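Notes follow the structure.
The values are calculated or read from the model by the stated rules, or taken from the named source; none is laboratory data. Owing to the predicted nature of the structure, the values given are computational and were not obtained by experimental measurement. Please note: Cβ atoms are built from the backbone with ideal geometry, for glycine as well, and neighbour counts cover all protein chains shown. The accessibility values were calculated without ligands, DNA or RNA, using every heavy atom of the protein model including side chains. Shrake-Rupley method; radii C 1.70, N 1.55, O 1.52, S 1.80 Å.
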Amino acid sequence: MEHADKPLRVELLSTGAELAALAPAWDDLVAAMPRPSPFLLNAWLVEWWRHFGADGRLAVRTAFRGDRLVAGLPLLVRRRLGLQMLEFVGGTKAALADVMVRPEEGDSTAAVVAEAGDGLGHDFVNVFGLPAESRLTRAPAWRNLRLIERLEAPVLDLSDGWDAVYERKFSSKARQDRRRHRRQLEQLGSVEISVVRTPDELGPAFDDAVRLYALRWRGRREGSGLLTATGASFYRSALLRLAEQDVPRVLTLRLDGRPVAANVYLRLSRTLYGLVMAFDPAFARYSPGSEVLYSALEAAACEGVTTAELLGAATGHKQRLTDRVEPIYQGIGLARTVRGRLGAEALVTGIRLRRRAKRSETARRLYAHVPGRLTFVGPLSSRDG
């Protein structure tokens, strides 16, 4: 190969402009991943950094052979509760994050990139979004990272087409219920389902989805940040930039022109990735959230999508659609200071306590109705409906 005999040169990027300048080559690395993540695409990361990076220091690790980018690892250092944490760029919005390498490069290149840039001044590592078969955790410097499963991340196989999946996954009663809900909606007015993908169409459709999301979560704890000005701006800006690569879609169900439910999803490398589902609770009895999910899967299959990464937990309507789970992990540890070790242990303990609380039905109900902000740990979902 043209660059195969070139020595490996490692560089540490410290500005958003440097990261943005790598856009085409960076996205080639994403496409070469075993589970290509749209949440690692250059535009997504650059917009996240622009909106949320004020309290951090970029430490993006890259490797070149000659002038060709052959590996990348998007990291930053952020101060939280008095501790310096090494995290993924994208924070908890970087599902399936990992070290990325070109197909002709091996684990040795991944290891070099993973180990580059020591001395970043962090106390410990806290990376969210790792897949089970992470190349990063195979690198010697990262092997002792403690992995905690955070999302079941259900996966649906669409390779046989939607009609075959629908026949296989839905009982006759479930199909009958769906038809009944559709007829009931049609008795109220004209029902229309549309999918948009161009920048001009995506903006207004996304705004409708946010309004529906706000209705769905009114008075309840909501942790995505979508309902904050900064969060909404980030998602909107990232989607509009990704539209230049034909990645985002917004499917909307309307009744007499009024948005009733919406599904915002991403399409990359013949895979659908769930992002936002929302519906107007006034129409909950008609299961509009389920309808826009099923309609999105059908539309994606018609576009040639063969896999759906539903992300989140395999609960509710996702259980029916789950062929397998491919969990997503949070990696905590590799402390470099005493306070870092204590901080990492405290973080792990906190995660365990939250899990224990969520096993209680009473605690779950109280938790859902306590106003507050949490970190994003999966797709923005309508939950039921």
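Quick notes
- Reported count of residues in the range 80-99, each being part of a strand (DSSP E or B), touching a Ser or Thr at 6+ places or on another chain (Cβ under 9 Å) and under 17 Å from MET33 (Cα atoms), is 0.
- Filtering the range 305-326 to residues that are touching a Lys or Arg at 6+ places or on another chain (Cβ under 6 Å) and over 17 Å from SER171 (Cβ atoms) leaves VAL305, THR306, LEU310.
Conditions (1) under 25 Å from GLY231 (Cβ atoms); (2) touching a residue at least 60 places away in the same chain (Cβ under 8 Å), marked per residue:
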{"position": "LEU76", "(1), (2)": "yes, no"}
{"position": "LYS93", "(1), (2)": "yes, yes"}
{"position": "VAL101", "(1), (2)": "no, yes"}
{"position": "GLU104", "(1), (2)": "no, yes"}
{"position": "GLU115", "(1), (2)": "no, no"}
{"position": "GLY119", "(1), (2)": "no, no"}
{"position": "PHE124", "(1), (2)": "no, yes"}
{"position": "VAL127", "(1), (2)": "yes, yes"}
{"position": "ALA132", "(1), (2)": "no, yes"}
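Here is a yes/no grid of residues against (1) more than 24 Å from LEU310 (Cα to Cα); (2) touching a residue at least 40 places away in the same chain (Cβ under 8 Å); (3) out of contact with any helix residue (DSSP H, G or I) (no Cβ under 7 Å at 6 or more places or on another chain):
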| site | (1), (2), (3) |
| --- | --- |
| LEU41 | no, yes, no |
| LEU45 | no, yes, no |
| TRP49 | yes, yes, no |
| VAL60 | yes, yes, no |
| GLY66 | yes, yes, yes |
| GLY72 | yes, yes, no |
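- If you check GLY372, GLY333, GLY316 for being under 23 Å from LYS93 (Cα atoms) and at pLDDT 95 or above, only one passes: GLY333.
- Filtering VAL77, VAL10 for residues that are touching a helix residue (DSSP H, G or I) at 6+ places or on another chain (Cβ under 8 Å), in a strand (DSSP E or B) and farther than 28 Å from ASP246 by Cα leaves a single hit, VAL10.
- Cβ pairs under 9 Å, 6+ apart, first in the range 310-324 and farther than 19 Å from SER37 by Cβ and assigned to a helix (DSSP H, G or I), second of a type in the set (Asp, Glu) and modelled with pLDDT under 85: HIS317/ASP384
- Scanning the range 78-105 for residues that are polar (S, T, N, Q) and either at pLDDT 95 or above or more than 24 Å from TYR235 (Cα to Cα) (or both) returns a single hit, GLN84.
- Exclusive hit being among the aliphatic types (A, V, I, L, M), touching a Lys or Arg at 6+ places or on another chain (Cβ under 8 Å) and closer than 20 Å to ALA238 by Cα, set LEU45, LEU75, LEU40: LEU75
- Residue in the range 233-252 that is among the hydrophobic types (A, V, I, L, M, F, W, C), over 25 Å from ALA32 (Cβ atoms) and more than 17 Å from the chain's Cα centre (by Cα) present: yes
- Residue check for ALA262: modelled with pLDDT of 95 or more and open to solvent by less than 10 Å² (accessible area, probe 1.4 Å): yes
- The lone exception for GLY119 - which of (1) surrounded by fewer than 24 Cβ atoms within 10 Å (Cβ to Cβ); (2) on the phi < 0 side of the Ramachandran plot; (3) of a type in the set (Gly, Ala, Ser); (4) assigned to a loop (DSSP other than H, G, I, E, B) it fails: (2)
- Among residues of the range 35-57, those that are open to solvent by 10 Å² or more (accessible area, probe 1.4 Å) and over 18 Å from GLY231 (Cβ atoms), counted: 3
- Hits in the range 16-34 (condition: closer than 18 Å to PHE64 by Cβ and open to solvent by 60 Å² or more (accessible area, probe 1.4 Å)): ALA17, GLU18, ALA21, PRO24, ASP28
- Residue in the range 288-343 that is nearest to the chain's Cα centre (by Cα), counting only those that are open to solvent by less than 30 Å² (accessible area, probe 1.4 Å) and on the phi > 0 side of the Ramachandran plot: LEU311
- Annotation: of all residues in the range 136-162 being closer than 30 Å to LEU353 by Cβ, in a strand (DSSP E or B) and not aliphatic (A, V, I, L, M), the one that is most open to solvent (accessible area, probe 1.4 Å) is ARG146.
- Scanning the range 194-207 for residues that are open to solvent by 60 Å² or more (accessible area, probe 1.4 Å) and either among the basic types (Lys, Arg) or within 20 Å of LEU255 (Cα to Cα) (or both) gives VAL195, ARG197, GLU201, PRO204.
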